[in-house]
Structures are given as structure tokens and as C-alpha cells.
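This report refers to the structure that appears directly beneath it.
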Amino acid sequence: MSKKPTVCAIVAVGPGNVIGHGDSMPWHSRQDFYHFRKLTMGYPCIFGRRTYDGLPTKPLPGRLNIVCSSEYNDIYISPDVFQASCIERALSKCCEYDRVFICGGAAVYKYVFDHDLVDIVYLTRISDSILSQDIQLNPTAYTFFPIDIDSFFSKNHWAQEQIVYPSHVLPREMLNISAMFYKYTRNR
């Protein structure tokens with residue numbers, strides 16, 4: 001009998017809940033990269049194809065990388081990369097782990113939230129004054145998180161806690177960027 005891993009969504013949102021620009025992130029936050037690596041190391045990470053293609057390093061080392069696309073057959077293309085035809089097939093490859101991370105993009109996030117698959121959400125809120133101005137000037141160039149975060153988590157079945165790292169642990173950021181980390185746990 002296989003167990004069900006804890007399904008964690010991990011997402012960084014910028015001003016206006018933006019999550020992407022083209023096939024990449026619209027900011028470079030060393031603190032968020034540290035946070036992402038610390039949480040996901042050793043666990044499977046599930047991506048949509050475009051999000052995976054936009055990663056600066058592929059596959060992410062030390063993790064099973066699962067890439068979802070309806071165009072794929074369910075097959076390992078290397079020991080660290082599995083191509084899955086759907087989210088359910090991706091999750092079925094994770095039964096030997098106690099947790100799995102949903103890493104985006106927008107369509108993958110929408111699917112897992114619409115189908116009530118998420119147990120924990122790790123949310124990074126990125127503040128970027130330069131990005132805020134550009135989003136206002138050119139909003140169609142960006143991808144946004146597919147749910148209204150504040151409304152979604154204000155429902156009483158999610159417990160929020162802030163994650164605080166000692167300042168000596170986090171790398172320094174550029175002057176216009178700051179990151180705050182939160183964990184939301186579903187009360188089932």
C-alpha cells in the first residue's frame with residue numbers, strides 16, 4: 001500500500017501577484033533562491049513544461065524533476081527527470097517521498113488549487129519597486145498567480161506563519177528587492 005505524500009505548493013509572488021515574465025521569473029532574489037533550495041532539496045519538484053524550460057539550471061540537482069505536459073508520455077528521460085502526461089501521473093511517482101513540491105507555472109498552480117490537492121503553501125512575497133512600475137506600464141507582458149491569494153488564505157481553513165531566517169544566513173539582495181516568507185498549512 002502506497003502512502004500519499006504531503007503536497008506543498010511553493011511560489012514567489014511579486015507586486016500584483018505576478019509570478020512570471022515570459023518563461024522566467026521577473027526578478028532575481030538570492031534570498032528566495034536560498035529559501036527554495038532549502039525547502040525542496042531531496043524532494044520531487046513538479047513543473048509545467050514552460051516553467052521547467054525557463055529554469056537556469058536543468059535538472060535541479062538533488063531533486064527528482066517532474067515535468068508535466070499533455071504532450072508527454074509517462075517516461076524517465078534521465079534518472080533525475082520524469083516527463084508526466086498530467087499532474088496525477090506526476091504525483092503517483094512521488095509515493096516513496098513524504099512530501100512533494102508543486103513549482104509552477106500558472107496552469108499547474110490553478111489545477112492543484114482547483115482540485116484541492118495542496119496541503120501546505122510556501123509563499124514568498126517579493127517587493128520590487130522597479131518591477132511595480134513596469135507591471136503598471138505593461139501588464140500583459142506578465143503572468144499572474146491564478147488565484148486571489150489574500151481572499152484564498154483568509155478563509156479559516158489555512159493557518160499562517162511567517163518564516164524568518166537569521167540575517168547572517170540569507171544572501172544580500174539588490175537595493176530595490178526584498179523578500180518575506182510565509183507558510184500556510186491547511187487545517188483538515
Region 106-125, residues that are hydroxyl-bearing (S, T, Y) and either in contact with a Ser or Thr (Cβ under 7 Å, 6 or more places away or on another chain) or open to solvent by less than 60 Å² (accessible area, probe 1.4 Å) (or both):
Y109, Y122, T124
Quick one: count up the residues across region 166-188 that are under 13 Å from S29 (Cβ atoms) and either touching a residue at least 24 places away in the same chain (Cβ under 8 Å) or surrounded by 14 or more Cβ atoms within 10 Å (Cβ to Cβ) (or both).
11
Which residue pairs have Cβ atoms closer than 6 Å, lie 6 or more positions apart in sequence or on different chains, and pair a first residue in region 6-23 that is in contact (Cβ under 8 Å) with a residue 60 or more places away in the chain and in a strand (DSSP E or B) with a second residue that is of a type in the set (D, E) and open to solvent by less than 40 Å² (accessible area, probe 1.4 Å)?
T6/D119; V7/D119; A12/D32
Qualifying residues in region 153-165 (those that are over 18 Å from N17 (Cβ atoms) and among the hydrophobic types (A, V, I, L, M, F, W, C)) - the one surrounded by the fewest Cβ atoms within 10 Å (Cβ to Cβ):
V164
Matching residues in region 63-82 (open to solvent by 50 Å² or more (accessible area, probe 1.4 Å) and touching a Ser or Thr at 6+ places or on another chain (Cβ under 9 Å)) number 4
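Looking at region 50-74 only, could you name the residues that are closer than 18 Å to I87 by Cβ and small (G, A, S)?
Scanning region 50-74 gives S69, S70.
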Return the only residue of Y52, Y76, Y43 being within 26 Å of I147 (Cβ to Cβ) and out of contact with any Asp or Glu (no Cβ under 9 Å at 6 or more places or on another chain).
Y52
Contact list please: Cβ distance under 6 Å, first residue in region 118-143 and in contact (Cβ under 8 Å) with a residue 12 or more places away in the chain, second residue assigned to a helix (DSSP H, G or I) and open to solvent by less than 10 Å² (accessible area, probe 1.4 Å), pairs at least six apart or on different chains.
V118/V112
Which number in (1) within 14 Å of the chain's Cα centre (by Cα); (2) closer than 20 Å to M41 by Cβ marks the one condition that K110 misses?
(2)
Give region 83-105 a look and list any residue that's open to solvent by 30 Å² or more (accessible area, probe 1.4 Å) and either among the hydroxyl-bearing types (S, T, Y) or within 12 Å of the chain's Cα centre (by Cα) (or both), or say none.
S85, S92, Y97
Options D128, D150: the member that is open to solvent by 30 Å² or more (accessible area, probe 1.4 Å), among the acidic types (D, E) and within 22 Å of W27 (Cα to Cα)
D150
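Taking strands (runs of 3 or more DSSP E) that do not extend beyond region 25-93, which have at least 1 residues that are under 30 Å from M174 (Cβ atoms)?
45-48, 65-68
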Tell me which residues, restricted to region 27-56, are closer than 17 Å to S132 by Cα and either aromatic (F, W, Y) or surrounded by fewer than 20 Cβ atoms within 10 Å (Cβ to Cβ) (or both).
W27, H28
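The values are calculated or read from the model by the stated rules, or taken from the named source; none is laboratory data. Bear in mind that the values here come from a model prediction, so they are computed numbers and not experimental data. FYI the Cβ positions are ideal-geometry reconstructions off the backbone, even for glycines, and counts take in every protein chain you see. Areas reflect the complete protein model, heavy atoms only, side chains present, ligands, DNA and RNA absent. Shrake-Rupley method; radii C 1.70, N 1.55, O 1.52, S 1.80 Å.
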